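Let me begin by presenting the structure, written as C-alpha cells, before commenting on it.
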Amino acid sequence: MPTRKVTNFIVIAVAVLLSAAFVTFRQETAAGSGIYGVAKIGPTCPVVKVGSDCPDKPYQATIDIFAAKVYQPGEAVPEPQFYDPKGKSSYPPVGDKVVDFQTDSSGNFRVSLNPGSYVLRNQSTSSLPSLRAVAVTVTVGKFAKVDLTFDSGLR
C-alpha cells in the first residue's frame, strides 16, 4: 500500500499535468485562432462602363459575430430567407451573439475566436450599404480569411 507521501505526490503531479494541458488548450483556442480579412464596398462609381476601372474601396463598419445555429438530427431546418436588418429573420440561422468588432479605416480586421462555426452580419440596421450574412468555420490554431463585400446600392 502506498505511503501518504507517495499518494500526495501522485495527486499533485496529476493536478500539475492537467493544469498545464488546460492552459495549453486555452491558448490554442482563444489566442491562436479566429478570423481576419478586409471589408470593401462597391460599386463606388454611379455608372460603371466597360473598360473603365471602378474598384471596390475599403470600408469601415461594425460587424456582429454570432454562433452558428446547430441543429440536432431530425430537427427541422427553416427554409432560406433574406436577412432583415431589423432582426425579423435571418439566414443562415444564428445562435447567441459572441462579439462585435469594427474594421479599421482601411477595412482590415483580425478577431480572436475559439474554434467553431460563426455567422457575421452588419450591425447597422440601415438597408444600404448591405452585407449578406457570411458563414465561417474557425479551426484550432488557425485564422480563417474572410472578405466582406458591402453593396453600396449604386447602379
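Extending 7 Å from the Cα toward the beta-carbon at both Arg155 and Gln123 defines two label points whose distance is 3.1 nm. So which of Lys97/Lys142; Lys57/Lys145; Lys40/Lys69 end up more than 23 Å apart by C-alpha? Lys40/Lys69, as the Cα separations exceed 23 Å there. For Leu148, the residues whose modelled amide H falls within less than 5 Å of its own, excluding neighbours fewer than 5 places apart on the same chain, are Val38, Ala39, Lys40.
Every read-out reported here was derived from the displayed coordinates using simple, explicitly stated rules and does not represent laboratory data. The model shown is predicted, which means the values in this text are computed figures rather than measured ones. When we count neighbours, we look across all protein chains shown, and the Cβ atoms used for this are built from the backbone with ideal geometry, even at glycine.
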